[in-house]
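Undergrad: Please see the structure below; I have some questions.
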Amino acid sequence: MATATAAETDPGKPARRKRRTMSPDDRRSALIKGASEVFREKGFAAATVAELAEAGQVAKGTFYLYFDSKDHLLGAMWEEYVDGFLRDTRAMLDEGGAWWPSLDRLIRAMVEHAVENAALHRIVYRSANAKALELCHASNQRVVDLMCDFVARGSLVGAFRARDTGLACRLVFHAADGLLDDLISRDEPIDLEAVTASILELAHRGLGDPDLD
């Protein structure tokens, strides 16, 4: 004779979500996907590990096999976001092309990627604590390194003529990143073309576009 479930014996009680057998990679991905829903609904501070584990369809103890804390989980969500941008931009830069058009495309892609992932930006910069932000900033550094490496190579052939292209490149990135975070946090429509044009203007002036001489 089959044993009745809690939902069957108590119709008012919601049925417990059945957990699927998943590979470690799939389970980690499920935790990240589930966390995005929990953080959006409850905010980072109010969300509990138990809720994150349930959303990811794992036991609470299993959660800690993948992430040390919810800060670590949020950092992993941001890292996944950065990984997507880096894959796209590396493929774009590998296509070759003139220095400035390539940098323009990279900046445009960065702006579009940020706006498309506005919900994650709001979770990180509205709700995260210092530890989570530290993990997110570490991921951002990989974007800075990619952009600055590209500019450094271009400066060797005179494409970029800033006094210090390394500092100028960091200035452009952090100015763009700060502007996007400010705009996204307002929950208002963003004029993508206007924002991109302003960042491109800063980049061309700050990095020393020879055509502006």
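The values are calculated or read from the model by the stated rules, or taken from the named source; none is laboratory data. Keep in mind that what you see is a predicted model, and the values were worked out from it rather than measured. Note: ideal-geometry Cβ built from the backbone for every residue, glycine included; neighbour counts use all protein chains shown. Heads up: the accessible areas ignore ligands, DNA and RNA and are worked out on the full protein's heavy atoms, side chains in. Shrake-Rupley method; radii C 1.70, N 1.55, O 1.52, S 1.80 Å.
Undergrad: Residues of segment 164-213 being outside any helix (DSSP H, G or I) and open to solvent by 30 Å² or more (accessible area, probe 1.4 Å), which ones?
TA: Selection gives Asp164, Arg186, Asp187, Glu188, Pro189, Ile190, Asp191, Asp213.
Undergrad: Check whether at least one residue in segment 115-125 is at pLDDT below 90 and open to solvent by 60 Å² or more (accessible area, probe 1.4 Å), and report yes or no.
TA: Within segment 115-125, one or more residues are at pLDDT below 90 and open to solvent by 60 Å² or more (accessible area, probe 1.4 Å).
Undergrad: Please name all residue pairs, on different chains or six or more residues apart, with Cβ atoms under 9 Å, provided the first residue is in segment 127-138 and is over 11 Å from Ala45 (Cα atoms) and of a type in the set (Val, Ile, Thr) and the second residue is part of a helix (DSSP H, G or I) and at pLDDT 75 or above.
TA: none
Undergrad: Then there is this: Is there a residue being part of a loop (DSSP other than H, G, I, E, B), open to solvent by 70 Å² or more (accessible area, probe 1.4 Å) and modelled with pLDDT of 50 or more anywhere in segment 21-34?
TA: Within segment 21-34, one or more residues are part of a loop (DSSP other than H, G, I, E, B), open to solvent by 70 Å² or more (accessible area, probe 1.4 Å) and modelled with pLDDT of 50 or more.
Undergrad: Can I ask one more? For segment 5-12, indicate whether the set of residues that are surrounded by 12 or more Cβ atoms within 10 Å (Cβ to Cβ), at pLDDT 90 or above and out of contact with any Pro (no Cβ under 6 Å at 6 or more places or on another chain) is non-empty.
TA: no
Undergrad: Only one residue in Leu73, Leu93, Leu52 is part of a helix (DSSP H, G or I) and free of Cβ contacts under 8 Å to residues at least 24 places away in the same chain. Which one? Even if it seems obvious, please write down each step before you answer.
TA: Values: Leu73 fails: free of Cβ contacts under 8 Å to residues at least 24 places away in the same chain; Leu93 fails: free of Cβ contacts under 8 Å to residues at least 24 places away in the same chain.
Step by step, each of Leu73, Leu93, Leu52 is checked, and only Leu52 is part of a helix (DSSP H, G or I) and free of Cβ contacts under 8 Å to residues at least 24 places away in the same chain.
Undergrad: Further question on the same structure: Identify, from the list Arg161, Arg153, the residue that is open to solvent by 30 Å² or more (accessible area, probe 1.4 Å), within 28 Å of Glu193 (Cβ to Cβ) and of a type in the set (Lys, Arg).
TA: Exactly one residue qualifies, and that residue is Arg161.
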